[in-house]
Every structure is written in structure tokens, then in C-alpha cells.
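So the structure is just underneath, and the comments pick up after that.
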Amino acid sequence: MASSDQGSEQWFDRWREGRIGFHSDSVQPMLARYWPLLGIASHARVLLPLCGKSGDIHWLAQRGHPVLGVELVEAAVQGWFEAQGEARPQADPRPGFERFVSPAQTKRAEVTLDVGNFFHLEADQGEAIDAFYDRAALIALPETARQRYALRLAELCRPGVEGLLISVVRDERRDQGPPYVVTDEEIQRLFAPNFVLERLGEQPDDRGMTDIAWRLRRKTPLSC
Ligand SMILES: C[S@@+](CC[C@H](N)C(=O)[O-])C[C@H]1O[C@@H](n2cnc3c(N)ncnc32)[C@H](O)[C@@H]1O
């Protein structure tokens, strides 16, 4: 698997050493609060870039959304299957990725987790994305990669596709990320060329960080 992109190596170390303070088995409060406002159809297939082994995967699938998660580190994906008490059935991969699929169950839609580099995801691989959810994905990336991320997301979404993005700001002056501080101005600069943006709300926590929820809707045409 290619991992040469800037900043990728640290993630293998973090997962190996268990430095995953960002992880929660429970649904993110901002997802639970704002997702229903987006009016996304319950059967819509949701892309989760840089998905980790987040409890949000299960939450979305329980609401009927087939989930497509993309995660660099296989141990994270393995962790998700372990948390579900499931084996890891491998499926036909897409080029450059390993694919693991948890089939649909009575009360949960199918979950597909692709192990590989999000930046290698091609838009034309015939897998429609109906919606997306970014929690701690953009803000996991250094500044130099964020423009590429925003453009790749735009390439993967056809016009009208909506998503929820959660950014973070914090009180400290020095940005030692990840998570990196991504200001509202940067969010606008990155996404406004290709998405209609709406700032939905913010949620401070007791670590001096404030999560900010954004609704994004893909515009047309694509501007590079
Ligand atoms: C801050 S964590 C957030 C994980 C998850 N979204 C959550 O909310 O728990 C960022 C994740 O992105 C993964 N990652 C980093 N760079 C990546 C890349 N280029 N492609 C795919 N995954 C990546 C890391 O391994 C890590 O699991």
C-alpha cells in the first residue's frame, strides 16, 4: 500500500502504539444532532474518508446507509470488525486498496471498508457516492494536503451530493496537530469553489477545543 504521502507514516505508528485519542465507540454528538437536518435519503450510500474504526460507521449503517469507509491503516479496520464481533470477509478490492465487507443485517446496512490511501481513490470506479461524512478527516491532514483533499472530495461527489464536515479550532496559539486547526476562512477557501457551505453550529469541549459542523453541497461545474 502506498504510504508515502506527507504525514501518512505517523498513522501507522499511532495505531500500532494505541495513540488514538480521537477514537470513540459512540456516535459523535454532532453527527447525531446535525445529520437528520441534511435531508439525506435513508438508503443513500455514505462515504467516510479517513474513517478509522469510528462508532459513527455503525450509527450511519443502522440508519440504513450503506457505508463506504476509506482508511489507511489495516489495524483500524480490523479493530472495527473486532468491535462488531465479526470476522473480516475480504471482497474484491478496488485497484490499490484492500476491501473488507460486512454484509447488510436485519437492522444495519452493508459496511464496506477499503484499506488504502484516500488520495488514490478514483472518481470513475463506478461506485456512486450519495453523501459523505467527514469527522476528523480534513483536520487530520497537514495544510499542504488539505487542498488536495477538498478537490478529491469534490471529484468523488456528483452535483447535489451533500455531506457533513466537522472541523476544529482551539484556544492554543501553536497548531501542533493533528488534529490541525482549520479556521472558518480556510474551510471557505478550500470548499467554496465546489460546494455550497453552511455553518451549522459549534460545540466547545473541556480541552479548549471547539468542534464546528458544516453542511456541504456539491456544486457544478467542477473548478480546479
Ligand atoms: C483523526 S483520525 C479520525 C478517524 C475517524 N474519522 C474518527 O472520527 O474516529 C484520522 C484517520 O485517518 C487515517 N488516515 C490518515 N491519512 C490517511 C489517508 N491518506 N488515507 C486514508 N486514511 C488516512 C488515519 O489512520 C486515522 O485513522
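A few remarks follow.
- Residue that is of a type in the set (A, V, I, L, M, F, W, C) and over 19 Å from Leu31 (Cβ atoms), where the choices are Leu68, Leu156, Leu138, Leu164: Leu156
- Each residue in the range 105-127 was checked for being open to solvent by 70 Å² or more (accessible area, probe 1.4 Å) and either hydrophobic (A, V, I, L, M, F, W, C) or in contact with a strand residue (DSSP E or B) (Cβ under 9 Å, 6 or more places away or on another chain) (or both), and 1 of them qualify.
- Hits in the range 178-206 (condition: free of Cβ contacts under 8 Å to residues at least 12 places away in the same chain and open to solvent by 40 Å² or more (accessible area, probe 1.4 Å)): Glu185, Gln188, Arg189, Glu202, Pro204, Asp205, Asp206
- Residue list for the range 109-136, filter: more than 8 Å from the ligand (Cβ to nearest atom) and assigned to a loop (DSSP other than H, G, I, E, B): Ala109, Glu110, Leu121, Glu122, Ala123, Asp124, Gln125, Gly126, Glu127, Ala128, Ile129, Asp130
- The condition of being open to solvent by 30 Å² or more (accessible area, probe 1.4 Å), closer than 20 Å to Arg45 by Cβ and of a type in the set (D, E, K, R) holds for only one of Asp130, Asp134, that being Asp130.
- The range 49-66: number of residues that are in contact with an Asp or Glu (Cβ under 7 Å, 6 or more places away or on another chain) and either without any contact (Cβ under 8 Å) to a residue 40 or more places away in the chain or assigned to a strand (DSSP E or B) (or both): 2
- In the range 137-155, the residues that are under 21 Å from Ile40 (Cα atoms) and away from the ligand (no atom under 13 Å from the Cβ): Ala150, Ala154, Glu155
- Of the criteria (1) of a type in the set (A, V, I, L, M, F, W, C); (2) open to solvent by 20 Å² or more (accessible area, probe 1.4 Å); (3) over 19 Å from Arg94 (Cβ atoms), which one Leu141 fails: (2)
- Residue check, Ala75 open to solvent by 30 Å² or more (accessible area, probe 1.4 Å), at pLDDT 95 or above and not polar (S, T, N, Q): yes
- For the range 150-165, the set of residues classified as open to solvent by less than 10 Å² (accessible area, probe 1.4 Å) and either touching a helix residue (DSSP H, G or I) at 6+ places or on another chain (Cβ under 7 Å) or within 19 Å of Val77 (Cβ to Cβ) (or both) consists of Ala150, Leu164, Leu165, listed by residue number.
- Members of the range 4-37 that are among the polar types (S, T, N, Q) and under 17 Å from the mean Cα position of the chain (by Cα): Ser8, Ser24, Ser26, Gln28
- Listed conditions (1) surrounded by 14 or more Cβ atoms within 10 Å (Cβ to Cβ); (2) outside any loop (DSSP other than H, G, I, E, B) are all met by Gln147, apart from (1).
- Restricting Val70, Val27, Val46 to residues that are touching a residue at least 12 places away in the same chain (Cβ under 8 Å) and within 8 Å of the ligand (Cβ to nearest atom) narrows the list to Val70.
The values are calculated or read from the model by the stated rules, or taken from the named source; none is laboratory data. It should be emphasised that the depicted structure is a prediction, and the values quoted were computed from it without experimental measurement. Glycine also receives a Cβ, built like all others from the backbone with ideal geometry; neighbour counts cover every protein chain displayed. Ligands, DNA and RNA are stripped out before the accessible areas are found, and what is left, the full protein with its side chains, is counted by its heavy atoms. Shrake-Rupley method; radii C 1.70, N 1.55, O 1.52, S 1.80 Å.
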